[in-house]
Each structure stands twice: as C-alpha cells, then as structure tokens.
1. Taking other Cβ within 10 Å of each residue's Cβ, how do Val81, Val43 sort, fewest first?
2. At 0.36 nm per residue, minus the direct Cα-Cα distance, what do Lys74 and Asp27 gain on full extension? Give it in nm, one decimal, please.
3. ³J(HN,Hα) across the stretch 53-59 via Karplus (A = 6.51, B = -1.76, C = 1.60, θ = phi - 60°), whole Hz, x for Gly/Pro?
4. Residues with amide H under 5 Å of Asp9's amide H, sequence separation 5 or more or different chain, H placed in the peptide plane at 1.01 Å from N; which?
5. How large is ³J(HN,Hα) for each residue in the stretch 6-14, as worked out from phi by the Karplus curve 6.51 cos²θ - 1.76 cosθ + 1.60 (θ = phi - 60°), to whole Hz, x for Gly and Pro?
6. Rounded to two decimal places and with Rh computed the Kirkwood way over Cα pairs, what is Rg over Rh for the stretch 32-113?
7. Would you kindly state how much longer the chain becomes between Lys101 and Ser36 on full extension, computed as 0.36 nm times their sequence separation minus their alpha carbon distance, in nm to one decimal?
8. How high is the relative contact order of the stretch 31-113, in percent, with contacts defined as C-alpha pairs under 8 Å that are six or more residues apart?
Amino acid sequence: MSYNLFLDDERQPKHCRDYPGDESIYDTAEFKLALSYGDFINVIEENGIPNFVSFDYNILGPKTGLDCAEYLKKECEKQNVKFPAYRVHSSWPGIHAEFYKLIEEKQGEPEKF
C-alpha cells in the first residue's frame, strides 16, 4: 500500500508548510498520522513501509522520533527495502543531523525532501 506517514503529537502536515525546503508535499499529499512510537509502529504494521515519512523529534511518551526512525530502519533492513524518502520537521536544535546520521549509517543516502 502506498502512503505517507506524519509523526508529530502537536502539528498537522499543513503546519509544516513554512519549514525550509520543498514543502509542497505537505500541501498535496495525504498522510496517516502517528502521535507516538506505538502509533508509528501500528501504522507500519498495518500498512507496510511508507513512501514518505515526516519526523518530529519530541512525541508523546518516553520514546522520540529518532526511536521511530531506528525502528523503521530495522524494518526496511528486514524487508530488504530502501529507507523511504523523508523530512525532519522538528524545531529541536541540531536534531536534523542526528536523523540523517542514523538513517544514512547503513542504507546509503535516501531521498530527502
């Protein structure tokens, strides 16, 4: 199933329109929403690997968006598929580089929006 996944406990995709880069995805695409690590896993278990993921760092519960990215990376490795295109829409200082480092570590360079 082809879908986009948006991880955030406060914002909706339309709220990311003002972030730098190619924000058109937030205007034109529909998203399945996840508020927490548990939600994120459930969406992936029910729908498979998404085409695109937009990550926030601070989410509901003790886990973070980085934990979600790590879970997705392991799922992609298990299924022998490339990590999906992604954006990090978090305003947490310096966290974009941490996501990139985690995702790129073994996968090579995924498409970034």
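Nothing in this text is a laboratory measurement; each read-out follows from the coordinates by a stated rule. In this text the structure is predicted, and so the values were computed from the model without any measurement. Note: ideal-geometry Cβ built from the backbone for every residue, glycine included; neighbour counts use all protein chains shown.
1. Fewest-to-most ranking of Val81, Val43: Val81, Val43.
2. Length gained, Lys74 through Asp27: 14.0 nm.
3. 10, 10, 9, 9, 8, 7, 10
4. Leu60
5. 10, 9, 5, 9, 10, 9, 10, x, 4
6. Using only Cα positions, Rg/Rh for the stretch 32-113 is 0.92.
7. Contour length minus Cα-Cα distance gives 21.2 nm.
8. Averaging sequence separation for qualifying contacts and normalising by length gives 30 percent for the stretch 31-113.
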